[in-house]
Protein chains: 2
Amino acid sequence: MKNNKVISLAVIRRLPRYYRYLKDLLEKDINRISSSDLSALMNITASQIRQDLSNFGSFGQQGYGYNVEYLLNEIKRILNIDNSNNLIIIGIGNIGSAITKYINNQKNGMKIIGLFDKNKDVIGKGLEGFFVQDVETLPLFLKKNKVDMVALTIPSKNIKEITRLIVEHDVKGVWNFSSHDLDLPPNIVVENVNLSDDLMILNFRVNQIINKV
Amino acid sequence: MKNNKVISLAVIRRLPRYYRYLKDLLEKDINRISSSDLSALMNITASQIRQDLSNFGSFGQQGYGYNVEYLLNEIKRILNIDNSNNLIIIGIGNIGSAITKYINNQKNGMKIIGLFDKNKDVIGKGLEGFFVQDVETLPLFLKKNKVDMVALTIPSKNIKEITRLIVEHDVKGVWNFSSHDLDLPPNIVVENVNLSDDLMILNFRVNQIINKV
């Protein structure tokens, strides 16, 4: 096992997709698959698949193909899905509430340990077994608890103070729904979900099609 | 104005970001900005900015920089933000409900005209001025109404029937939250928001940082 090999982020970003397809195959009791069949299914080239998977040692066997369960378990191990990280969610509006429920239903290596908002109407509300806490108490909470990740679903005007706290309290990753580019040092990873940008792009592309027609 | 020039999708994907920054500048009463200042602000090279914006004719003037309002209006025009497309949302669970409220608050060229679900507990519920309709009535609705876009927030096992309807009824674009790769012809555009993949990737990257420390 090549545990210490550095895997590029581009490959990492493709792994959840392999994970989904392999899980699906296993649920259909398909236990082995050739790289060409997997290629047709996932709509990527067989050579890309072989190259991606060779990053983790060669799991495929000539004439046999891939063992689905073994490959799935290897990807789970690499993605470290079973290793829970502590997460808090800041901003319990529509998106924040949906994300809270979503994460609790997923159970993919995330453990919610706190919910925060600044809105007096929301503070104290119960959600998925938590009470929404006043964001004013966040500095104390961060001091007392190990928080690995923050999901940010707040308007961009409130972002500066929160990013300062994130840096100060050694948070490792941010799931950023704020439609604002975060100014964070490189040792803090960010995944952006920018619904506003997405909608504009989708609208543009749809208009392009309509105008072409 | 170069209306007929084909602009690459890579450039299009960057435009909402320009839009956000320029809107922000205008709200702060900043009316002109040099490409180098904009570059520092947005953390991309000045030459990238000049190249991106030259796609729409050259708006910058040597020694003057960009006129923020003019540039913002041009980007709005190109993105066609004021041109509403009709949208329906299929799947009014946590994410679907949040998206419904989100779109109604955004007013970025989308007009919700219907909400659908298959869950008897959800059908008939009022949300943002709509009653959630039974997904069984969707074929008739699609026949009677011009639906340009569909936001899909349903589990992947229900996806096949819905994608068939999308193709049949000439829907132009899909905002896909289903964590499932859609099998659609190339004349239908898709923007994927895969929260499950995102979380796995964020978790992996955070674990990488923790293990390095």
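The values are calculated or read from the model by the stated rules, or taken from the named source; none is laboratory data. Everything numeric here is computed off the predicted structure, so don't read it as measured data. Cβ atoms come from the backbone with ideal geometry, glycine included; neighbour counts cover every protein chain shown. Note: areas computed on protein heavy atoms with side chains; ligands, DNA, RNA excluded. Shrake-Rupley method; radii C 1.70, N 1.55, O 1.52, S 1.80 Å.
Summary of values
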quantity	calculated
Mean ellipticity per residue at 222 nm, deg cm²/dmol - from DSSP H runs of n ≥ 4 across chain A, formula -39500 (n - 2.57)	-14000 deg cm²/dmol
List A:K118, B:K120, ordered by accessible area with a 1.4 Å probe, largest first	B:K120, A:K118
B:R13-A:H169 FRET efficiency (beta carbon distance; Förster radius 41 Å; 0.05 resolution)	0.80
Under-5 Å amide H pairs with A:K172, H placed in peptide plane, nonlocal only	A:M149
Solvent-accessible area buried by pairing A with B, both sides, nearest 100 square angstrom, 1.4 angstrom probe	5600
In Å², nearest 10: area of B:L41 left accessible to a 1.4 Å probe	80
At 7 Å out from Cα toward Cβ: B:L184 inter-copy label distances (nm, ascending)	3.0
Gain on full stretching of the segment that runs from B:Q48 to B:D183 - 0.36 nm per residue minus C-alpha separation	45.2 nm
Given charges at beta-carbon only (K, R positive; D, E negative), |dipole| of the stretch B:52-208 in Debye	340
Charge dipole of the stretch B:1-154 about the Cα centre (unit charges at C-beta), most positive-ward option of B:P16, B:L79, B:I33	B:L79
Gain in span if fully extended, B:S156 to B:K23, counting 0.36 nm per residue against the direct Cα distance	44.1 nm
Semi-axis lengths (Å, descending) of the ellipsoid that matches the C-alpha gyration tensor of the stretch A:150-213	32, 11, 8
Largest-first principal axis extents of the Cα set of the stretch B:67-213 (Å)	58, 47, 33
Closest approach to the B/A rotation axis among chain B Cβ atoms, residue and whole-Å value	B:A98, 2
Carbon plus sulfur fraction of accessible area for the stretch B:94-201, probe 1.4 Å, in percent	50
Violating pairs (Cα-Cα greater than 28 angstrom) within the set B:K23/B:K101; A:K23/B:K144; A:K157/B:K76; B:K76/B:K101	A:K23/B:K144
At 7 Å out from Cα toward Cβ: B:K212 inter-copy label distances (nm, ascending)	4.1
B:I210 accessible area, assembled protein chains, probe 1.4 Å, Å²	60
Candidate aspartates and glutamates for bridging to A:K28, where Cα separation is under 13 Å - those fewer than 8 sequence places away on the same chain excluded	A:E69
Three-way shape call for the protein assembly as shown based on the alpha-carbon gyration tensor, with the a/c threshold at 1.5	rounded
Phi to ³J(HN,Hα) by Karplus 6.51 cos²θ - 1.76 cosθ + 1.60 over the stretch B:125-135, Hz, x for Gly, Pro	5, x, 8, 6, x, 10, 9, 5, 9, 5, 4
Nearest-first distances (nm) between copies at B:S196, label 7 Å from Cα via Cβ	2.9
B:K28 - accessible surface, heavy atoms, 1.4 Å probe, Å² rounded to 10	130
Among beta bridges that DSSP assigns inside the stretch A:1-157, antiparallel share in %, nearest 5	30
Order of exposure, largest accessible area first, which applies to B:T137, B:T100, A:T45 with probe 1.4 Å	A:T45, B:T137, B:T100
Helix B:195-212 vs. chain B, principal-axis angle (Cα, 0 to 90°, nearest 10)	60
Relative contact order, percent, chain A [alpha-carbon distance under 8 Å, six or more residues apart]	13
Estimated FRET transfer efficiency when R0 is 30 angstrom, pair B:D37-A:S196 (beta carbons, to 0.05)	0.80
Probe 1.4 Å, accessible area per residue of the protein assembly as shown, Å²	50
